[in-house]
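Here's the structure we're looking at; comments come further down.
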Amino acid sequence: MLPSLLMLPMVVLQAPAPLPVVEAKDLPKAPRGPMTPHRPDPGGEASILGETRHGARKGPSIPALQLPAGSVRVTDKVPDMSGRRAFAIEVPAGGKVKAQVVEGRKAWFRVLAVNAWGRDEPGLLQNRIPTGEPQATYENPTKETRTIYFIVDTLDANMVGEPYTLEVTRN
């Protein structure tokens, strides 16, 4: 019996090619960022630190970095007291994209997906269901290319400089 098993053709499994890694500081600034989403601040607290964070999160929009075409891993650090960073991505008609924090203190992050107005729209509504993972997805239901913004947000007020890796995969 053993010799016949050795005669079976072997299937060679290949690991998927690793995604290219880019540092956030090397990404170009997006032409515009999303409007500030109207969602509760999970890192808000009643202290001087919380008040400072609240002030840093005020403003009409969030500056964004432009993600390159294709799937990519972005290494970054929490940039400032606001505790968030926005990434713009172009999604073609019928395209799907997922952004997920895969390295760092994942439990301290959340990922929001919004349109330019900081709101949900068709293709984003599934992100309202909590998954327990810092991730968001978008499925473009339109017949035109759409710009969507993924916002990496922190759940604690004192996370300036905290490193993380965001994995963006396209289908």
Reported set for the range 37-52 where residues are aliphatic (A, V, I, L, M), loosely packed, with under 10 Cβ neighbours inside 10 Å and either within 24 Å of the chain's Cα centre (by Cα) or not in a loop (DSSP other than H, G, I, E, B) (or both) is Ile48
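From the list Gly94, Gly104, exactly one residue is in contact (Cβ under 8 Å) with a residue 12 or more places away in the chain and buried (at least 16 other Cβ atoms within 10 Å of the Cβ). Which is it? Please lay out each step first, then the result.
Details: Gly94 fails: buried (at least 16 other Cβ atoms within 10 Å of the Cβ).
Of Gly94, Gly104, the one residue that is in contact (Cβ under 8 Å) with a residue 12 or more places away in the chain and buried (at least 16 other Cβ atoms within 10 Å of the Cβ) is Gly104.
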Take the residues of the range 108-119 that are open to solvent by 10 Å² or more (accessible area, probe 1.4 Å) and over 14 Å from the mean Cα position of the chain (by Cα): which is farthest from Arg39 (Cα to Cα)? Ala116
Considering only the range 61-171, give the strands (runs of 3 or more DSSP E) lying wholly within it that have at least 2 residues that are among the hydrophobic types (A, V, I, L, M, F, W, C). 64-66, 72-77, 84-91, 96-104, 109-114, 146-154, 163-170
Looking at (1) touching a residue at least 12 places away in the same chain (Cβ under 8 Å); (2) over 14 Å from the mean Cα position of the chain (by Cα), which is the one condition that is false for Pro134? (2)
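Right, Pro68: closer than 21 Å to Arg119 by Cβ, out of contact with any Phe, Trp or Tyr (no Cβ under 9 Å at 6 or more places or on another chain) and not β-branched (Val, Ile, Thr) or not? It would help to see each step written out before you state the result.
Values: closer than 21 Å to Arg119 by Cβ: no; out of contact with any Phe, Trp or Tyr (no Cβ under 9 Å at 6 or more places or on another chain): yes; not β-branched (Val, Ile, Thr): yes.
Taking the combined requirement at face value, the residue does not satisfy it.
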So, in the range 80-107, exactly how many residues are under 14 Å from the mean Cα position of the chain (by Cα) and at positive phi? 2
Please specify each residue of the range 148-168 satisfying the condition of being at pLDDT 95 or above and open to solvent by 40 Å² or more (accessible area, probe 1.4 Å). Pro163, Glu167
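I need the full set of residues from the range 24-35 which are surrounded by fewer than 11 Cβ atoms within 10 Å (Cβ to Cβ) and part of a strand (DSSP E or B), in order please.
In the first step, residues of the range 24-35 are kept if they are surrounded by fewer than 11 Cβ atoms within 10 Å (Cβ to Cβ); the result is 25-26, 28, 31.
Hits for the range 24-35: nothing passes.
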Output the residues belonging to the range 64-83 that are under 14 Å from Pro163 (Cα atoms) and of a type outside the set (A, V, I, L, M, F, W, C). Arg73, Thr75, Asp76, Lys77, Pro79, Asp80, Gly83
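The values are calculated or read from the model by the stated rules, or taken from the named source; none is laboratory data. Keep in mind that what you see is a predicted model, and the values were worked out from it rather than measured. Neighbour counts run over all protein chains shown; Cβ positions are idealised from the backbone, glycine included. Note: accessible area is taken over every heavy atom of the protein model, side chains too, but ligands, DNA and RNA are not part of it. Shrake-Rupley method; radii C 1.70, N 1.55, O 1.52, S 1.80 Å.
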